[in-house]
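What follows is one structure encoded as structure tokens, with my remarks underneath.
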Amino acid sequence: LTVGDNLEGVNAWSSIFRRSHFVSAVDYLQASRLRLQLMRTMDHVFQQVDLYIGGNDLAIANLSGHPCIAVPVMMSENEQHPQPVSVTLTGGLYQESGLLAVASILESAARLTGVHPS
């Protein structure tokens, strides 16, 4: 936080925190109900699968409380400036150990240890 709020974009936390004081109780309860619905949907998903591989779905994991990890699996094909390309693994509640085991296997198979972006 800064005195003059001289921050940009998503880093403007002081403004975001100030605006939160104006959220009505009704809006808060509706958002909480939507979050609970998301958590139940995710619970149903993880009754059928151990984990899923996704793209940029970190907001879902943040809202539902499920563990999530991004794992580099390859380098981009840009010859001048190759960058790591990652996948996101999301696991069931309290299943961090299985998620980390799969992430370790993927990371080993990718053989990117020691490879650095230029």
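A short reminder: the numbers here are calculations on the coordinates, not readings from a lab. Just so it is clear, the structure is predicted and the values come from calculations on it, not from any experiment. A quick note on method: Cβ atoms are made from the backbone with ideal geometry, for glycine too, and the neighbour counts reach across all protein chains shown.
Add -39500 (n - 2.57) for each DSSP H run of 4 or more in the chain, then divide by its residues: what number comes out at 222 nm, to the nearest 500 deg cm²/dmol?
-13500 deg cm²/dmol, from helical runs alone.
Taking other Cβ within 10 Å of each residue's Cβ, how do THR41, THR90, THR113 sort, fewest first? Intermediate values should be presented prior to the final figure.
Values: THR41 12, THR90 23, THR113 8.
Fewest-to-most ranking of THR41, THR90, THR113: THR113, THR41, THR90.
Could you check the spin-label model distance between ALA59 and SER76? Points 7 Å from the Cα along Cα→Cβ, value in nm.
It works out to 2.2 nm between the two label points.
I need VAL23, VAL85 ordered by Cβ neighbour count within 10 Å, fewest first.
Going from least to most buried by this count: VAL23, VAL85.
Could you work out the local net charge near TYR94, counting Lys and Arg as +1, Asp and Glu as -1, over the other residues with Cβ closer than 14 Å to its Cβ?
Charge balance near TYR94 sits at -3.
The list (i) 33, 25, 10; (ii) 22, 18, 16; (iii) 29, 22, 13 gives values of semi-axes √(5λ) of the Cα gyration tensor in Å, and only one came from this structure; which label was calculated from it?
(i)
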